[in-house]
Amino acid sequence: MQNTKYIRRLAWMLVGLSLAGCQPETQQTSTANQATTTTQSARFNWFEYQGHDSVFEQPLTENEFQNPIAAGFYPDPSITRKGDDYYMVNSSFAYTPGLPILHSRDLVHWQLIGHALTRPEQLKMDNLQISRGLFAPTIRYHDGLFYIINTAVDSGGNFIVTAKDPAGEWSDPVWLPEIGGIDPDIFFDDNGKVYITHNDAPVGEPLYQGHRAIWMWEYDLDNKQVVKDSGRVIVNGGTDLAKQPIWIEAPHVYKINGWYYLLCAEGGTGYEHSEVVFRTRNLDEPFVPYQNNPILTQRDLDIDRPDPITTAGHADIVQTPQGDWWAVFLATRSYDKTFYNTGRESFLLPVSWQDDWPHILQAGKTIPYHPAKPTISESFEVTDALTGNFTWRDEFSQPVLSPHWSLLRSFTHDWYQLQDGHIDIRALPVKLSSLQQPAFIGRRQQHMKYSARTELQLPATEHLSAGLVAFQNEHFHYYLGTEKTPSGYQVFIEQAKGEEPVMITSRAISADAGQSIVLEIDGDKDKISFSYQVEGKVKVELAEDLDGKILSTAIAGGFVGTMIGLHSRQEITQ
C-alpha cells in the first residue's frame, strides 16, 4: 500500500477548536451517550442511499454470483473459516470503529456484523490524516480463538487482538514492538510453532524506490511475545530483485500438502498491482518464486476496455469443507481508465492448482463480474446487501447506530443522540478539513452511480450548519449544507479540492425553523449534482454536473473510498 503514485503528502492544516469535555464511550448507543437535544444540535429524520450501476443490472443465473462481493471501501480483505462459517476483515485506516468484520456461509453473500476495534482503550488515532491508522489486517481461527494481526500506522505499530466471537468484543491489543513495517500475517504451523510475517525495509539501504522485503519472526503464543532475534528476511525485493520489483507486501503463509506457500502483493496498490507466490518445503530453506508469476493481475489488459476491473492483488485464500480453494482480493471498478471514487473493493475467485502451484486468474483474462458460484450447500441470507444495486435506508429507529456508519479518528461520540426515530448531531466547531474529530457520520459510496438523500429539520440557531457530505478526505470533499443567517436561511455547497474548503454557491430559501428540508446528492462517475426540497415546495437543482473526479483516488490520493454522510458544524464568525 505504499505506491507513491497514490500518496499525496499534503500539508494538512489543523482547523477548529479542541473537543473539550468529550468523555470516551465504549458503544455507539443512545443510552451510552449523554448528549441532550439542544439548540446547538441538528435533527436528521432519515437517510437513504440508492445504487444504480449498470453492471449490477445484468441478471445473475442460478449458478452465478456477483463480483465484487463487498462493493465500495472494503480493501485489503483477509479471510478465515470456522466450520461452515467464513469471516472476512478489511482495513479501515482512520475511520472508527476500526476493522470491519464480515460473515458468510456461502462465500458470496456477506453481512457486516461488527468491528474489531470499538473502544478508546484499544487505540488512539487522534489527529491522523484519513489514510493513516489501520492498514491491512490478517484474520485467522486457531484452537477456539480468532486472531487479527494488524498495523496501526502512526498510532502504535503492529499488534494482535483476539475474540471467541468475531462479532465482538475483541481484546485489547497485544503490541509487537519488535515488528516493524506493515501488513503482518500470523501463521499457525502444524508442529505447534507460530510465525509472524510482514513487510518492512530490506537489510541495509534500499537499492531503489519501492525496494522492500518480507520478514518472518517466530512468535511465542503462550507468553504473547516475539521470540528474540528470530527475525530474518525471506524475500528481498520481490520475485526477481534484478528487475527491481516494487512494494512487495501483504504476505500470507499457508501449509498445504507438505509445501509452505507465501502469497504476496507486488507492484503497489495501483494499476500495476499483482499477486505473486513463493514456496518451500522447509521454513529454514529459501522461498522460491513461481516461474509463472503473477498469479493474478489486470495490468496486462487493454486499458480502454469497457467496465474495467483494475488494480487487482492483495489476496488471501481459504479452503471450503468440500476441499475447494477460493481467493479474496482487492480490486477497483474504474471509469476513464484509472479513476475510481468507490475505493478498493473485495472480490472473489476460485483457486486452481497446477504442479502444486496456486493460480487465481489466467494471464490476459478479465476478472468476471458473474463467476460460477462455489459448490457450497449452505445458503446465507443477509439483511443489508453489500453488492449489487440496492436501497439502504436508516430511519434511526434503533438504540444503536448501524455498523454501516463510520466516524473519523475518535471512538468518542457523545455529540450525537439516537431517539424517537431521528438522530440529533450536536454542532462542533470543527470543519471536515480538520484533523480533529468533526461531527460527522458516513457510510460507503458503493456504486459509481448513486443517489443519497436525507431529511433534516432546519435549526433555529444562527451560524449552525447541517447537511449532507461526500467525503474522500480532508482536502477533497463536498458539503451540501443549510444554515440560518441574520437575513434568513440559505442552502450552500462547500467544495474542497486540494486546499481549504470554500463555498462555491448558495441560495436563500424561504423557510421556518423546524421545517423539514430534503437534501440530495447524485453521483455518476466523474459528475456530481446537488439539490434540495423544502417541505411543501418543489425540488430545486442547486448545482449539476460538478467535478466528481476530485473524489477519486487518482486525484485525492490515499487508500480510502468516498463516504456519504451527515455533518453538523458550528460556524465560526469573525
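The values are calculated or read from the model by the stated rules, or taken from the named source; none is laboratory data. The structure displayed is predicted, hence computed values, not measured ones. Every residue, glycine among them, receives a Cβ derived from its backbone with ideal geometry; neighbour counts consider all protein chains shown. Surface areas here come from the heavy atoms of the whole protein model, side chains and all, with no ligands, DNA or RNA. Shrake-Rupley method; radii C 1.70, N 1.55, O 1.52, S 1.80 Å.
Projecting the Cα atoms of Gln362, Ala556, Thr162 onto the dipole axis of the chain, where Lys and Arg carry +1 and Asp and Glu carry -1 at the beta carbon, places Ala556 farthest toward the positive end.
Sum -39500 (n - 2.57) across every DSSP H segment of at least 4 residues in the chain, then divide by the residue count to get the 222 nm mean residue ellipticity, nearest 500. Please list the in-between numbers first.
Details: 1 runs with 4 residues, N = 574.
For the chain, the value works out to 0 deg cm²/dmol.
When only Cα pairs below 8 angstrom with a gap of at least 6 residues are kept, the chain shows a relative contact order of 20 percent. Placing +1 on the Cβ of every Lys and Arg and -1 on the Cβ of every Asp and Glu, with nothing else charged, gives segment 75-156 a dipole about its Cα centre of roughly 20 debye. Take the solvent-accessible surface of the protein heavy atoms, probe 1.4 Å, and return the percent of it on segment 252-291 that carbon and sulfur atoms account for. Result for segment 252-291: 43 percent of the exposed heavy-atom area is carbon or sulfur. Partners of Lys373 within straight-line reach, counting aspartates and glutamates whose Cα lies under 17 Å from its Cα and excluding those fewer than 8 residues away in the same chain: Glu62, Glu64, Asp84, Asp85, Asp106, Asp324, Glu381.
Which of the lysines could a cross-linker span from Lys224 if the Cα-Cα distance has to be under 18 Å and same-chain partners fewer than 8 positions apart are dropped? By straight Cα distance, Lys224 reaches Lys164, Lys193. Along segment 360-373 the Karplus relation, 6.51 cos²θ - 1.76 cosθ + 1.60 evaluated at θ = phi - 60°, assigns HN-Hα couplings of 9, 8, 5, 4, x, 9, 7, 5, x, 6, 10, x, 6, 5 Hz to successive residues, with x for each Gly and Pro.
Pull out a ≥ b ≥ c, the square roots of the eigenvalues of the alpha-carbon gyration tensor of the chain, then state rounded if a/c is under 1.5, prolate if not and a/b is larger than b/c, and oblate in the remaining case. Before the final figure, lay out the partial values.
Working: a/c = 1.84, a/b = 1.65, b/c = 1.12.
It is prolate, given that a/c is not under 1.5 and a/b is the larger ratio.
A 1.4 Å probe, protein heavy atoms only, puts the accessible area of Glu48 near 30 Å². Report the Cα centroid-to-centroid distance between segment 330-369 and segment 521-574 in angstrom, as an integer. Here the answer is 30 Å between Cα centres.
For segment 409-492, with all protein chains in place and a probe radius of 1.4 Å, 41% of the accessible heavy-atom surface sits on carbon or sulfur. Length gained on full extension, Ala372 to Asp324: 16.0 nm, using 0.36 nm per residue less the C-alpha separation.
With the Cα gyration tensor of segment 229-270 giving a ≥ b ≥ c as the square roots of its eigenvalues, does the rule (a/c under 1.5 for rounded; else a/b larger than b/c for prolate; else oblate) give rounded, prolate or oblate? Taking the square roots of the gyration eigenvalues as a ≥ b ≥ c, segment 229-270 is prolate.
At the residue level, Val469 shows approximately 0 square angstrom of accessible surface with a 1.4 angstrom probe and all protein chains present. Each of Ile256 and Glu462 was given a label point 7 Å from its Cα along the Cα-to-Cβ line. The distance between the two points is 6.8 nm. Rounded, prolate or oblate: which fits segment 273-356, taking a ≥ b ≥ c as square roots of the Cα gyration tensor eigenvalues, rounded meaning a/c under 1.5, else prolate when a/b beats b/c? Since a/c reaches 1.5 and a/b is larger than b/c, the shape of segment 273-356 is classed as prolate. At q = 0.16, 0.23, 0.31 Å⁻¹ the log10 of I(q)/I(0) for segment 128-178 amounts to -0.47, -0.86, -1.17, computed by Debye summation with a single uniform scatterer per C-alpha, solvent ignored. Ordering Thr485, Thr138 by accessible surface, largest first, gives Thr485, Thr138; the 1.4 Å probe counts only protein heavy atoms, with every chain in place. Residues of segment 379-397 falling in the label zone of Asp307, defined by backbone nitrogen less than 17 Å from a point 7 Å along Cα to beta-carbon, are 387-390.
Summing +1 for each Lys or Arg and -1 for each Asp or Glu among the other residues whose beta-carbon sits under 14 angstrom from that of Asp106 gives -4.
Keeping all protein chains in place, calculate the accessible area per residue for the chain (probe 1.4 angstrom), answer in Å².
On the way: 21470 Å² over 574 residues.
Each residue of the chain exposes 37 Å² on average to a 1.4 Å probe.
Lys-Lys pairs in segment 429-574 that are eight or more residues apart or on separate chains and whose Cα atoms lie under 28 Å of each other come to 26.
The apolar share of the surface of segment 70-139, taken as the fraction of accessible area on carbon and sulfur atoms (1.4 Å probe, ligands and nucleic acids excluded), comes to 41 percent.
Panel values: segment 319-418, Kirkwood radius from alpha carbon pairs, Stokes-Einstein at 4 °C and 1.567 mPa s, translational diffusion coefficient 72 µm²/s.
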